[in-house]
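Here is the structure we will look at.
Since every read-out is calculated from the coordinates, none of them should be taken as a lab result. Please read these numbers as outputs of a predicted model, since none were measured by experiment. All Cβ positions, glycine included, derive from the backbone under ideal geometry; neighbour counts span all protein chains shown.
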Amino acid sequence: MSTTLDMAQLDLRAVNTSLQAAAKAQANDEFVIENPRGSHAMACGLDGAIRVTVNGSTGYYCAGMNQEAEITVTGSAGPGVAENMMSGIVTIEGDASQYAGATGHGGLLNIKGNASSRCGISMKGIDIVVHGNIGHMSAFMAQKGNLVVLGDAGDALGDSLYEARLFVRGEVKSLGADCIEKEMRPEHIELLTDLLARAGADAQPQEFKRYGSARRLYNFNIDHAGDY
């Protein structure tokens, strides 16, 4: 049985306090948030296995620092959704704004619509699946993890990235510094098959191209000075 938190009657602090207390108690509870009205920093800092459904759209930094919780937003999310996420699952049924999943360390961020610029910036182990398109400078300085895009990618994909793996089914407008297309080996097909299944994505892994670091910028080299 779920608990309803109506933001027509409760303020954001009261809602987040209730969610955080349940998560800390490892209560495995289920919550439904009504009338979110684009509130910022909703369902942040949860560190237990609770389930939260937000019926509507949210502002910036929704589900930040999430750990173990399963959070679903039935609308769209503003900038920085699931920033610094550690584990758990965050699902956005609509679109996500800038820097979705920024600096994420783990867990799955599943965006059913499109994501704006800088999706996955400085990601550190998170898995991000975007069912639509992503904007420019996505996976900038991405260090670890997987970014899967069923649609197209904007300019400068993977600029200055490290060891993150990028999989794009559609067109890539341009690649950033030190990002190149790489071979899709059997282990990548297996990994992508699992990610697509977990995200409920209607796509085949053979339809994707893989991109990663050329590893030319790890140490300064005068011959590549123009790329830094």
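Conditions (1) surrounded by 24 or more Cβ atoms within 10 Å (Cβ to Cβ); (2) over 12 Å from the mean Cα position of the chain (by Cα); (3) not β-branched (Val, Ile, Thr), marked per residue:
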| position | (1), (2), (3) |
| --- | --- |
| 126 | yes, no, no |
| 130 | yes, no, no |
| 133 | no, yes, yes |
| 139 | yes, no, yes |
| 153 | yes, yes, yes |
| 158 | yes, yes, yes |
>> Looking at segment 161-182, I want the residues that are farther than 18 Å from residue 216 by Cβ and have a partner that is of a type in the set (D, E, K, R) with Cβ atoms under 7 Å, at least 6 apart or on another chain. Which pairs are those?
In response: 167/210; 168/209; 169/207; 170/152; 171/152; 173/155
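In segment 48-67, is there at least one residue being charged (D, E, K, R) and not in a strand (DSSP E or B)? Talk me through it step by step, then tell me what you get.
Step one: list which residues in segment 48-67 are charged (D, E, K, R), which gives 51.
With not in a strand (DSSP E or B) added as a condition, the list becomes none.
There is no residue in segment 48-67 that is charged (D, E, K, R) and not in a strand (DSSP E or B).
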> Hey, does segment 74-90 have a residue that's more than 22 Å from residue 144 (Cβ to Cβ), crowded, with 20+ Cβ neighbours inside 10 Å and not small (Gly, Ala, Ser)?
Replying inline: no
>> I'd like the full set of residues that are within 15 Å of residue 209 (Cβ to Cβ) and touching a residue at least 60 places away in the same chain (Cβ under 8 Å), limited to segment 123-160.
In response: 148
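Show me the strands (runs of 3 or more DSSP E) found entirely inside segment 68-171 where at least 2 residues are within 30 Å of residue 183 (Cβ to Cβ) and out of contact with any Leu (no Cβ under 8 Å at 6 or more places or on another chain). Explain how you work it out, then say what you get.
Details: elements: 70-73, 89-92, 108-111, 124-130, 144-149, 165-168.
Correct list: 108-111, 124-130, 144-149.
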> When you look at residue 63, is it among the small types (Gly, Ala, Ser) and more than 23 Å from the chain's Cα centre (by Cα), yes or no?
Replying inline: no
> Would segment 98-113 turn up any residue that is free of Cβ contacts under 8 Å to residues at least 40 places away in the same chain, farther than 21 Å from residue 205 by Cβ, of a type in the set (A, V, I, L, M) and surrounded by fewer than 24 Cβ atoms within 10 Å (Cβ to Cβ)?
Replying inline: no
